[in-house]
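Encoded as structure tokens, the structure appears first; notes follow it.
The values are calculated or read from the model by the stated rules, or taken from the named source; none is laboratory data. Nothing here was measured: the structure is a model prediction, and the numbers come from that model. Counting neighbours? That spans all protein chains shown, and the Cβs are built from the backbone with ideal geometry, glycine included.
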Amino acid sequence: MSYVVMDMEWNQAMSAQSAVFNKLPIHLRGEIIQIGAVKLTEDLKPGEEFQIDVKPVYFKKMHYKVEKLTGFDKDRLEHGVGFVEALKAFREFCGDGCTFLTWGCDDKSIMEQNIIIHDQDWDWIDRWVNLQVIYNLQTQAGRNQTGLAIAMEHFGIEQTRVAHDALGDAYNTALICSKLDLEEGLKQYETASKTLSTSKAGGETEDTHSKTKALEHRAFTGYPTREDAFDDKELTAPLCPECGERLKASRWINQGDRRYMSLCSCKAHGNYLVRIKLRPAEDDTMTANRIIYKADEEMEEFYKSKAHPAKRRRSRKKKRLIVPREKARQ
């Protein structure tokens, strides 16, 4: 298993009342404008680096706070690549089967939201570790949200890269990894993340930070064909994450590239957006990756827009106005 330390910068809408929110199919807290990453070597030291600027398509105008913090301006954004191209390059850098290490929990939710809104493959980003949890555990920092600069100061790490730059912050986070007992921290992570979840402003914790937080991510294997996969009720009619009752699935929508989605309902707990990604396995069978989200109003509307696309209205020919010759001469 490989480890990729990553960081992102993202732009925001100018305000919560911005008209752009009404046009989005899901809640989008931030649109990614830069991705930076550092692979850890076998001895868990900083290794190969990656950085790419991303041109936004929803939040095109730089928020003044983001511009001040990152130094990004409109001209730099114009020279970025599209998100789909950037994600492809990032995935090629990471390879399959990697675990993402981040400083904080925001990067995971922002990446998920951007992948969903661009309708891209999500099943390869399921393993995330918030390094703040391991840092807090091994330095007795308690439940406080420790800033990256403070953690660097704690370990005597000199600031040699630009702060609030995706690659710079990823590199500095990788240096902190080299100071932690990462292997031991990963063993204790699941338990520690429940007891030492990083508190945020307003009392928000790691468990409640995202409207699009996945409630389940599960893989199913051994399907000879696509039809066999969709005949399996364990795959296509999942259990409610809250009560365990079987969900009732609506029509499965084919989104291309072996990706499908359905709006599944529970009488007691409402709707869930369920996504399935099929991929060929080495033994010529198919693997299905399923991810479940609690559906909010935006997700429901997004599903409905795909399930019942608006029909193009045929342009009506205008009736010619025939003027009697007598009146035309008047």
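Here Thr160 does not fit the description of being assigned by TED's automatic domain parsing to the domain that holds Lys88, modelled with pLDDT under 80 and either under 22 Å from Tyr3 (Cβ atoms) or part of a helix (DSSP H, G or I) (or both). Filtering the stretch 53-75 down to residues that are basic (Lys, Arg) and more than 16 Å from His164 (Cβ to Cβ), which residue is surrounded by the most Cβ atoms within 10 Å (Cβ to Cβ)? Among them, the one singled out is Lys55.
Among residues of the stretch 25-64 being under 23 Å from Gly80 (Cα atoms) and among the small types (Gly, Ala, Ser), the one that is nearest to the chain's Cα centre (by Cα) is Gly30. Applying the criterion of being in a helix (DSSP H, G or I) and of a type in the set (Val, Ile, Thr) to the residues of the stretch 117-135, the residue that is surrounded by the fewest Cβ atoms within 10 Å (Cβ to Cβ) is Ile117. Screening Gln138, Gln145 for residues that are assigned to a loop (DSSP other than H, G, I, E, B), free of Cβ contacts under 8 Å to residues at least 60 places away in the same chain, of a type outside the set (D, E, K, R) and in the same structural domain as Cys177 (by TED's automatic domain parsing) leaves exactly one candidate, Gln145.
The lone criterion from (1) modelled with pLDDT of 90 or more; (2) polar (S, T, N, Q); (3) closer than 30 Å to Leu137 by Cβ left unmet by Asn271 is number (3). The condition of being modelled with pLDDT under 90 and in a helix (DSSP H, G or I) holds for only one of Arg29, Arg76, that being Arg76. Applying the condition of being charged (D, E, K, R) and modelled with pLDDT under 90 to the stretch 163-194 and asking which residue is farthest from Glu49 (Cα to Cα) yields Lys194.
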